[in-house]
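The values are calculated or read from the model by the stated rules, or taken from the named source; none is laboratory data. Since the structure is predicted, the reported quantities are computational estimates derived from the model, not experimental observations. FYI the Cβ positions are ideal-geometry reconstructions off the backbone, even for glycines, and counts take in every protein chain you see. Only protein heavy atoms, including side chains, enter the accessible area calculation; ligands, DNA and RNA are left aside. Shrake-Rupley method; radii C 1.70, N 1.55, O 1.52, S 1.80 Å.
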Amino acid sequence: SNTRTEEGLKRAVQYFQKVIELDANYAPAHAMLADSYNWLNQFGFRQDFLDKSESSANKALFLDNSLAEAHIAMAYVQFVKYKDYEAGKNSLAKAVELAP
């Protein structure tokens, strides 16, 4: 079943936060946490979700700049929060380069 519901995404946030508590240096958890916040933003367009997504995406990129999912999460922030379409395009291009 589709878990991209508000309830499912909030549960995903809790799971990714738990993983990060266990291993703060696990970049994929930070990237997927950012992605979850991005999806949650779709349900309410809340600035705090974008802020949390940006923070998580930055952490993931700091830990592992070769993680395509982190670049995708950052592209969303760049497009939606900052309306920086050039930076967003560059982040998506980097993600495709890393994981064609």
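Considering only DSSP states other than H, G, I, E and B, which chymotrypsin sites (Phe, Trp or Tyr not before Pro) in the range 1-82 qualify as loop sites with at most 14 other Cβ atoms within 10 Å?
Phe45, Tyr82
Length gain on complete extension for the stretch Leu98 to Glu7, per 0.36 nm per residue less the alpha carbon to alpha carbon distance?
My answer for the length gained is 29.6 nm.
If the only charges are +1 at each Lys and Arg Cβ and -1 at each Asp and Glu Cβ, what is the size of the charge dipole of the chain around the Cα centre, to the nearest 20 debye?
Result for the chain is approximately 180 debye, rounded to the nearest 20.
Computing the accessible area with a 1.4 Å probe over protein heavy atoms, can you report the carbon and sulfur percentage for the chain?
C and S atoms contribute 54 percent here.
Mind checking the per residue accessible area of the chain for me, 1.4 Å probe, whole number of Å²?
Computed with neighbouring chains in place, this is 60 Å² per residue.
For n ≥ 4 DSSP H runs only, could you compute -39500 (n - 2.57) per run for the chain, divide by its residues and tell me the 222 nm figure to the nearest 500?
Taking each H run of at least 4 residues, the total per residue is -26000 deg cm²/dmol.
Springs between alpha-carbon pairs under 10 angstrom, Gaussian network model over the chain: which of Gln47, Gln78, Gln17 fluctuates most?
Looking only at Gln47, Gln78, Gln17, the biggest GNM fluctuation is shown by Gln47.
Starting from the Cα of Arg46, step 7 Å along the direction of its Cβ; do the same at Ala87; then give the gap between the two resulting points in nm.
Result: 2.3 nm between the two label points.
Quick one: which of Lys52/Lys94; Lys10/Lys52; Lys10/Lys83; Lys18/Lys83; Lys52/Lys81; Lys18/Lys59 span more than 20 angstrom between C-alpha atoms?
Where the Cα-Cα span goes over 20 Å, the pairs concerned are Lys52/Lys94; Lys10/Lys83; Lys18/Lys83.
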